[in-house]
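The values are calculated or read from the model by the stated rules, or taken from the named source; none is laboratory data. Bear in mind that the values here come from a model prediction, so they are computed numbers and not experimental data. As a convention, Cβ positions derive from the backbone with ideal geometry for all residues, glycine included, and neighbour counts pool all protein chains shown. For the accessible areas, the whole protein counts, side chains as well, though only heavy atoms, and no ligand, DNA or RNA atoms are used. Shrake-Rupley method; radii C 1.70, N 1.55, O 1.52, S 1.80 Å.
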Amino acid sequence: MIETPSVVLIVDDNENNRDVLERRIARYGHIVETAENGREALDKIRARSYDLVLLDIMMPEMNGYQLLERVKQDPEYRNLPIIVISAIDDVESIVRCIKLGAEDYLPKPFNPSILKARISASLEKKRLRDQEEAHLEDQAISQRIARELNTRLSLSRAAELTLDWAMKRTSAHAGFIARILDSGEEMVIVAVAGHSQSLQYYQNTIIPIESDSLQKAVKTILPQSSVDREDYWLTETKSRVVIPIGRGGQVLALLILEDASEARYSNRTLSFLTSLSDRSAIAMSNALLYEQVQKANHAKTEFISEVSHELKNPMTSIRNYAKMLPSVGPVNDVQQRFIETIINNVDRMAGLVSDLSDISRIESGHLRLELEKVSLADVLADVAAGFMGQIEEKKQQLVIDLPDLLPPVRADSGRLGQILTNLLSNAHKYTLEGGHIRITANLMPDERAKRPLVLVAIEDSGQGLTEADKEKIFTKYFRSPEGQASGTPGTGLGLRITKQLVELQGGQIWFESEYQQGSTFYFTIPICRPGEELAADDQPAGEGADSDR
């Protein structure tokens with residue numbers, strides 16, 4: 001006996017032929033329907049899904065040739081196997097039927113053993129074809145589900161998508177997904193579909209895991225079904241299936257489907273739900289890790305903010321009192337060096353605190369930029385003036401070459417000054433005594449850009465970068481070995497902050513460097529269009545910071 005009976009359509013205008021075939025096919029264990037001609041058969045094929053058609057050729061209204069042609073031209077039915085059984089047995093007719101798409105051809109009167117064998121072979125081919133198509137369809141759906149699940153790192157979104165696909169592929173009238181808490185004894189409903197308002201009320205509420213099917217699913221990581229009415233959430237439910245969503249031997253959530261009928265899912269449906277749960281487990285696991293990272297980042301930001309605030313007052317006091325010491329009474333040379341060491345180290349601490357605060361705000365998205373019309377020449381002049389003492393002390397030459405009619409830029413004035421300060425500080429620190437530094441700026445039209453840009457270049461004749469250093473230059477806490485060996489102070493955050501500040505203002509930054517020959521750092525900044533009204537951006541403001549390589 002065949003576990004799932006096939007549905008066979010017999011098409012013949014002769015009633016006796018139909019009766020003989022119908023009785024015989026029924027004995028094979030199949031469901032049989034009949035049609036008197038091709039037109040009636042075509043209507044039935046369009047109304048119901050058949051596994052096989054046994055077709056006569058010579059019929060009124062629409063003959064077998066015409067039916068074959070119509071069926072095989074329709075993409076929806078072209079894979080339906082058709083065996084022609086006809087008294088016409090000339091080679092030309094047989095070839096014509098095969099060309100039109102017939103699966104096989106048997107002459108009348110047919111041999112019962114051959115008929116049974118041909119029917120079995122045709123149904124087996126169809127079964128294998130259907131399996132292949134189903135597998136390809138499941139693969140395509142699985143790929144689509146994977147793309148959808150990985151689009152966003154959100155636990156609730158992953159749960160909603162998983163439940164939506166589960167409801168689409170089953171007859172379930174209701175379902176929900178519950179996240180398992182760390183204890184393994186409680187759950188929180190994170191997605192609901194088809195349930196009454198009463199269950200939606202429990203969404204995001206902690207619920208004990210009490211039913212046997214839920215407890216088994218959590219412990220064994222295996223699907224569980226239940227016909228115990230005490231397990232059901234809804235009064236109309238008659239059956240329920242529980243699919244664990246787990247990874248690495250740990251159940252993260254449960255997919256629970258309830259049905260108003262005595263539903264028994266096919267192996268294909270259960271296989272789909274299992275595959276769906278595996279993909280969902282990856283997405284949910286990633287979402288949970290992302291939530292933990294976000295919480296850790298938030299805690300880090302809060303900690304750095306509190307520590308920065310607490311350190312500023314004592315550092316300011318230490319610095320001010322150290323500077324006041326000479327005014328209290330005479331100090332000798334040794335004492336003066338000690339005072340200068342205290343002040344220098346406090347300044348370095350202040351720079352480190354400021355850098356940490358900036359990088360934390362940028363990475364958490366809490367850096368506010370006040371975008372306005374800014375004169376690049378004015379900002380650069382102020383920055384250069386602050387460095388002149390240090391540059392003259394190392395006998396370096398600083399050249400600033402700006403065009404007379406450089407348009408104003410669209411930038412945060414303080415942050416633009418911080419960018420220039422970081423880059424000029426680097427050029428100064430890594431350029432030997434007597435070296436030169438050159439700063440230029442030019443308008444750079446770019447058809448791909450939303451607005452014209454100003455290109456700023458800071459060129460130095462310093463130590464340059466090795467190939468290994470070039471790959472790490474914008475990473476956090478990186479300092480070149482030359483800088484560390486020479487005792488050049490720095491936190492390793494300056495260029496990282498500079499890069500992010502440039503990008504936050506709509507520009508880009510890059511560099512060219514040759515070891516022992518010098519480096520040139522470039523960055524772009526958008527110009528401000530005439531008459532453009534500027535408002536504060538949606539991102540928070542920090543303070544300036546020193547830079548280092």
Out of curiosity, is Thr269 under 25 Å from the mean Cα position of the chain (by Cα) and under 26 Å from Met167 (Cβ atoms)? no
In region 1-32, which residue that is surrounded by 15 or more Cβ atoms within 10 Å (Cβ to Cβ) and among the acidic types (Asp, Glu) is nearest to Ile119 (Cα to Cα)? Glu22
Of the conditions (1) closer than 21 Å to Ile189 by Cα; (2) touching a strand residue (DSSP E or B) at 6+ places or on another chain (Cβ under 6 Å); (3) among the charged types (D, E, K, R), Glu291 clears all except one; give me its number. (2)
I need every pair where a residue in region 168-192 that is touching a residue at least 24 places away in the same chain (Cβ under 8 Å) has its Cβ under 7 Å from the Cβ of a residue that is open to solvent by 20 Å² or more (accessible area, probe 1.4 Å) and among the acidic types (Asp, Glu), sequence separation at least 6 or different chains. Ala191/Glu160
Read through the list (1) touching a residue at least 40 places away in the same chain (Cβ under 8 Å); (2) under 16 Å from Lys108 (Cβ atoms), then give the number of the only condition that Arg18 fails. (1)
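Would you pick out the residues in region 33-51 that are surrounded by 13 or more Cβ atoms within 10 Å (Cβ to Cβ) and touching a residue at least 40 places away in the same chain (Cβ under 8 Å)? Break it down into steps so the answer makes sense when it comes.
So the first thing to find is which residues in region 33-51 are surrounded by 13 or more Cβ atoms within 10 Å (Cβ to Cβ), and the list is 33-42, 44-45, 50-51.
Tyr50, Asp51, listed by residue number.
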Restricting to region 427-441, name every residue that is among the hydroxyl-bearing types (Ser, Thr, Tyr) and closer than 14 Å to Gln390 by Cβ. Tyr430, Thr431
Counted residues in region 137-151 being open to solvent by less than 60 Å² (accessible area, probe 1.4 Å) and out of contact with any Ser or Thr (no Cβ under 7 Å at 6 or more places or on another chain) come to 6
Matching residues, region 298-334, being of a type in the set (A, V, I, L, M, F, W, C) and open to solvent by less than 90 Å² (accessible area, probe 1.4 Å): Ala299, Ile304, Val307, Leu311, Met315, Ile318, Ala322, Leu325, Val331, Val334
Counting only residues in region 399-414 that are closer than 15 Å to Ala384 by Cα and in contact with a Leu (Cβ under 8 Å, 6 or more places away or on another chain), the one surrounded by the fewest Cβ atoms within 10 Å (Cβ to Cβ) is identified as Ile400
In the set Ala350, Ala427, Ala384, which member is small (Gly, Ala, Ser), under 28 Å from Met315 (Cα atoms) and modelled with pLDDT under 90? Ala350
Kindly list, by first and then second residue, each pair from a residue in region 400-427 that is β-branched (Val, Ile, Thr) to a residue that is open to solvent by less than 20 Å² (accessible area, probe 1.4 Å) and part of a helix (DSSP H, G or I), limited to pairs with Cβ atoms under 7 Å and residues at least 6 apart or on different chains. Ile400/Leu380; Ile400/Ala384; Val409/Leu376; Ile419/Thr498; Ile419/Leu501; Ile419/Val502; Thr421/Val383
Name the pairs: first residue in region 115-136 and free of Cβ contacts under 8 Å to residues at least 60 places away in the same chain and open to solvent by 70 Å² or more (accessible area, probe 1.4 Å), second residue assigned to a helix (DSSP H, G or I) and not charged (D, E, K, R), Cβ to Cβ under 6 Å, at least 6 apart or on different chains? none
So the check is Cβ under 8 Å with 6+ separation or different chains; which pairs have a first residue in region 61-77 that's among the basic types (Lys, Arg) and at pLDDT 90 or above and a second one that's open to solvent by 80 Å² or more (accessible area, probe 1.4 Å) and part of a helix (DSSP H, G or I)? none
Checking the condition part of a helix (DSSP H, G or I) and closer than 13 Å to Ile256 by Cα, which residue from Leu163, Leu128 passes? Leu163
Just to be sure, is Val53 in contact with a Leu (Cβ under 7 Å, 6 or more places away or on another chain) and under 20 Å from Asn16 (Cα atoms)? yes
So which residues in region 80-97 are surrounded by fewer than 14 Cβ atoms within 10 Å (Cβ to Cβ) and either farther than 21 Å from Val20 by Cβ or touching a residue at least 40 places away in the same chain (Cβ under 8 Å) (or both)? Asp90, Val91, Glu92, Val95
Does Gly494 meet the test of being under 19 Å from Gly417 (Cβ atoms), of a type outside the set (S, T, N, Q), open to solvent by less than 10 Å² (accessible area, probe 1.4 Å) and modelled with pLDDT under 90? yes
Filter result for the condition that a residue is in a helix (DSSP H, G or I) and modelled with pLDDT of 85 or more, over Phe303, Phe338: Phe338
Considering only region 234-273, state which residues are surrounded by 24 or more Cβ atoms within 10 Å (Cβ to Cβ) and aromatic (Phe, Trp, Tyr). none
Looking only at region 274-297, which residues are surrounded by 13 or more Cβ atoms within 10 Å (Cβ to Cβ) and of a type in the set (Lys, Arg)? Arg279
Looking only at residues that are farther than 16 Å from Ile282 by Cα and of a type in the set (D, E, K, R) in region 152-184, which one is most open to solvent (accessible area, probe 1.4 Å)? Asp182
Looking at (1) under 17 Å from Pro244 (Cα atoms); (2) in contact (Cβ under 8 Å) with a residue 24 or more places away in the chain; (3) not charged (D, E, K, R), which is the only condition Asn150 fails? (1)
Within region 25-65, which residues are among the acidic types (Asp, Glu) and farther than 20 Å from Asp89 by Cα? Glu33, Glu36, Glu40, Asp43, Asp51, Glu61
Verdict on Ile98 being under 53 Å from the mean Cα position of the chain (by Cα), β-branched (Val, Ile, Thr) and at pLDDT 90 or above: yes
Give the residue that is most open to solvent (accessible area, probe 1.4 Å), with candidates limited to residues of region 434-451 that are at pLDDT below 85 and in a loop (DSSP other than H, G, I, E, B). Arg448
Counted residues, region 106-118 - those being under 19 Å from Asp89 (Cβ atoms) and part of a helix (DSSP H, G or I): 6
